[in-house]
Amino acid sequence: MGMVKKYDSSGRLIHPEHDTIIEKIMIWLEEEKFSVERHDKETYSFSGVVIVGEEEFVNILLPEGKCDHIIIYADTINFSGLFVALPEEVTKKFLYDLRIALIHTHLLHKVHFDEENNLTGIQVRKLIYFDGLTKDRFFDIIYTILGAIELVCVKYLQFKDSLFQYSTRQYETNNIYK
């Protein structure tokens, strides 16, 4: 005979191990003086934002249907409008360089585009399975994600500077014979 499934008053499946995992994570975050804003999302047993610094935060999700892992992720700044006027080849070069750099972080990443196929943002994330969940691993993932977000920002600034230098050289070259 299989395990009897239990449901809460809203009809969501109850995973007893989820409460234990959430409690463990909340204790760790409290010990390290991080604050957490919990959010109610229907498809998750737990959803919250961990505030690490003034402008640094990561999201934690514990999917309801999957009872063996949590997801930790963060999104970059919104790039909307920043790549609109650029030729597609220039944006592709930035993305190739960025993806190569992100591969070395051992994080999953997802690139977001708008309806006109303009880059709008990047999300980096990592799954951690309960059997490998330790305080050290948990915080290592948080700091790796924050480092990856910083990497995206630095690569963007580097890209922006290269565009400025390129446009200045183009202007100087075009005006050399005038």
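The values are calculated or read from the model by the stated rules, or taken from the named source; none is laboratory data. In this text, all values refer to a predicted model and were calculated from it rather than measured experimentally. Please note: Cβ atoms are built from the backbone with ideal geometry, for glycine as well, and neighbour counts cover all protein chains shown.
Side notes on the structure shown:
- Residue that is among the aliphatic types (A, V, I, L, M) and out of contact with any strand residue (DSSP E or B) (no Cβ under 8 Å at 6 or more places or on another chain), where the choices are L98, L29, L61, L86: L86
One line per residue, one yes/no per condition, for (1) over 15 Å from the mean Cα position of the chain (by Cα); (2) more than 19 Å from V154 (Cα to Cα); (3) assigned to a strand (DSSP E or B):
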| site | (1), (2), (3) |
| --- | --- |
| I22 | yes, yes, no |
| W28 | yes, yes, no |
| K33 | yes, yes, no |
| S45 | yes, yes, yes |
| V111 | no, no, yes |
| R125 | no, no, yes |
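- Residue match in the range 92-106 (condition: surrounded by 14 or more Cβ atoms within 10 Å (Cβ to Cβ), at pLDDT 85 or above and within 13 Å of the chain's Cα centre (by Cα)): yes
- Being loosely packed, with under 12 Cβ neighbours inside 10 Å and among the basic types (K, R) is a description that does not apply to K41.
- Members of the range 79-137 found to be more than 30 Å from L29 (Cα to Cα), in contact with a His (Cβ under 8 Å, 6 or more places away or on another chain) and β-branched (V, I, T), listed by number: T120
- Of all residues in the range 88-100, those that are within 16 Å of V124 (Cβ to Cβ) have Cβ atoms under 6 Å from Cβ atoms of residues that are assigned to a helix (DSSP H, G or I) and among the charged types (D, E, K, R), 6 or more apart or on another chain, in L98/K155.
- Filtering the range 98-132 to residues that are β-branched (V, I, T) and under 16 Å from L61 (Cα atoms) leaves V124, I128.
- Criterion: modelled with pLDDT under 85, surrounded by 15 or more Cβ atoms within 10 Å (Cβ to Cβ) and either under 18 Å from the mean Cα position of the chain (by Cα) or among the β-branched types (V, I, T) (or both) - qualifying residue of G121, G53: G121
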